[in-house]
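Written below as structure tokens is the structure these notes are about.
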Amino acid sequence: MKTLIHQSTIDGFNTMLEQFKLKYSNHVRFLNYLDTYYIQNGWYRHWCKAFQPDRFTNMETNNYVESWHNQLKSMYLKRKGNRRVDRLIYILVNDVEPDYISTVNRLVLRIGRMSPDEREARKKCSWRCQSLRN
């Protein structure tokens, strides 16, 4: 499954999916479940790198994982223990994923806080525009 998730091309994903199905062909119930709930309805597009290239950038560090785990526990799970798996999945799909997509889109569109360099560049541009108007 990990190999499927990290496939960077659609053709590579399709090839690895077929190999995965052949390798685990003796696990019929699992493959039927995977096919019914993830493959046929397109949910695999939410967790495969080939279909979500923006989500998989800069995720190789342990600090990123630890920070995200802390955010998950504190913001979404409210530091409550013994969450049921179905409730956790519900929170991940309905709360965490939309927030994450929003954050990625905000970063791609460069909406939000400016770095000091960006702020300085905007000031210079503003001064130039004002001098052109005068």
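The values are calculated or read from the model by the stated rules, or taken from the named source; none is laboratory data. Just so you know, these numbers come straight off a predicted model, no measurement behind them. Side chains are part of the model used for accessible areas, which takes the heavy atoms of the whole protein and leaves out ligands, DNA and RNA. Shrake-Rupley method; radii C 1.70, N 1.55, O 1.52, S 1.80 Å.
Summary of computed values
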item	result
Under the Karplus curve 6.51 cos²θ - 1.76 cosθ + 1.60, θ = phi - 60°, whole-Hz ³J(HN,Hα) for the range 103-112, x wherever Gly or Pro sits	5, 4, 4, 4, 5, 5, 7, 6, 9, x
Anchor K73: lysines whose Cα lies under 30 Å away (excluding residues fewer than 8 positions away in-chain)	K2, K49
The range 1-110 - percent of accessible surface contributed by carbon and sulfur, probe 1.4 Å	53 percent
Per principal axis, descending, Cα span of the range 1-105 in whole Å	41, 30, 24
Amide proton proximity set for L77, modelled H, under 5 Å, gap of 5+	none
In order through the range 65-74: 3J(HN,Hα) via Karplus (6.51 cos²θ - 1.76 cosθ + 1.60), integer Hz, x for Gly, Pro	5, 4, 5, 5, 4, 5, 5, 4, 5, 7
Integer Hz, Karplus 6.51/-1.76/1.60 couplings in order for the range 16-28, x for Gly and Pro	5, 5, 5, 5, 4, 5, 5, 5, 10, 5, 7, 9, 4
